[in-house]
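The next block holds one structure in the form of structure tokens; read it before the comments.
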């Protein structure tokens, strides 16, 4: 559509020729002329009555009004940045919404990032394949089972350690009290009445459980 002087407020300085538009879009002058002729992009007459283009408006209209089914090859501009014909066809559906306004950044298909991600994935897969051939990979199910068995064994040992600790502490404690001047019978009766061995065992057991809970609650990055 052509907008005569007086129907728009674009200054002459902001209007450009078809050649500049073609260069910005990475297409030929003929492609710009055709788009103008079929009404795909608009022109705006300058103060001398010459129809020219407003670059930002033209870019928006160029992508918004294109027919994705007719995009078969990459433009020169797209080829210059490494886009394939397939990626050009895909980009015809990705960059602008139905109303011609640019999509939010989160919705724009970034081919640079897409290619980098694809190459990174390919490199990772190649490394995994190499490690597999070298026998460096571990079966996930078997590894998980081993870790579970080891953790269960450690837990069982830790939860029963309080009995061994309490029993081991009693002998030196009795000897220390006897050395302090108490008779063996008095010491044994006192320790028995006060259930000292049980008390020591409970203190140890509680500290072991607290330690296990602390280990389990830690994130992997904070685990020491």
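If you scan the range 1-32, which residues turn out to be assigned to a loop (DSSP other than H, G, I, E, B), within 42 Å of the chain's Cα centre (by Cα) and modelled with pLDDT of 90 or more?
28
Scanning the range 161-197 for residues that are over 28 Å from residue 151 (Cβ atoms) and either more than 60 Å from the chain's Cα centre (by Cα) or in contact (Cβ under 8 Å) with a residue 24 or more places away in the chain (or both) yields a count of 23. Counting only residues that are within 15 Å of residue 13 (Cα to Cα) and touching a residue at least 40 places away in the same chain (Cβ under 8 Å), the range 34-51 holds 7 of them. If only residues of the range 33-51 that are surrounded by fewer than 14 Cβ atoms within 10 Å (Cβ to Cβ) and over 45 Å from the mean Cα position of the chain (by Cα) are counted, the one that is nearest to residue 65 (Cα to Cα) is 37.
The values are calculated or read from the model by the stated rules, or taken from the named source; none is laboratory data. Values in this document were obtained by computation on a predicted structure and should not be read as measured data. Glycine also receives a Cβ, built like all others from the backbone with ideal geometry; neighbour counts cover every protein chain displayed.
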